[in-house]
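Undergrad: Just dropping this structure here.
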Amino acid sequence: MIICTAFDKGRKHDFRIFKGSQLPTQLEQLWVADRGYQGIAKFHAYRCTPVKKSRKRSLSKAERQFNRQLAQVRITVEHTFRKLKIFRILSERYRNRRKRFGLRFNLIAGLLNYELTHSN
């Protein structure tokens, strides 16, 4: 479910928006993120990001297995992004009033949350 949203003007990375937004967080909650959130350890103790391969060494079998299991968990998040892109609020340039973007995004998120809770 989409619980909390934050927006900023222009093109910015999600992690940069997160650092500036000061959204309320629960300390016991596990955060599962992709490699774009490398510095999340400074903000949250319970985080889980994939292991990155370096130029000098390849990933071990255990690290590859961990990345695969993490991807299986993250796929639900990626499917939610896909559903938001179907509404075209994330996939295209938003051409309406900037003040109403947050309202419209939250309305679409509410529709998706309703669909998730009432689907069989």
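A short reminder: the numbers here are calculations on the coordinates, not readings from a lab. Fair warning: this is a prediction, and the values are worked out from it, not measured in the lab. Every residue, glycine as well, gets a Cβ built from its backbone with ideal geometry; the counts of neighbours run over all protein chains shown.
Undergrad: Which of the listed residues, 4, 29, 51, is farthest toward the dipole's positive end in region 1-52, when Lys, Arg count +1 and Asp, Glu count -1 at the beta-carbon?
TA: Going by the charge dipole, the pick is 51.
Undergrad: Here's a follow-up. Would you mind working out the magnitude of the charge dipole of the chain relative to its Cα centre, with +1 at each Lys and Arg C-beta and -1 at each Asp and Glu C-beta, to the nearest 20 Debye?
TA: With Lys and Arg at +1 and Asp and Glu at -1, about 820 debye.
Undergrad: Further question on the same structure: Show the residues, 5+ positions off or on another chain, whose built amide H is closer than 5 Å to the amide H of residue 47.
TA: 31
Undergrad: Right, something else. Please compare each pair in 12/42; 19/61; 12/85; 12/99; 61/85 to a cut-off of 23 Å on the Cα-Cα distance and tell me which ones are over it.
TA: Too far apart for the 23 Å limit: 19/61; 61/85.
Undergrad: Evaluate the Debye formula for the chain with equal point scatterers sitting on the alpha carbons, no solvent, and hand back log10 of I(q)/I(0) at q = 0.14 Å⁻¹, in q order, two decimals.
TA: Taken in order of the listed q values, log10 I(q)/I(0) reads -0.77.
Undergrad: Residue by residue, what Karplus-based ³J(HN,Hα) values in Hz, rounded to whole numbers, does region 79-93 have, using 6.51, -1.76 and 1.60 with θ = phi - 60° and x for Gly and Pro?
TA: For region 79-93, the Karplus curve yields 5, 5, 4, 4, 5, 5, 6, 5, 6, 6, 7, 9, 8, 10, 5 Hz.
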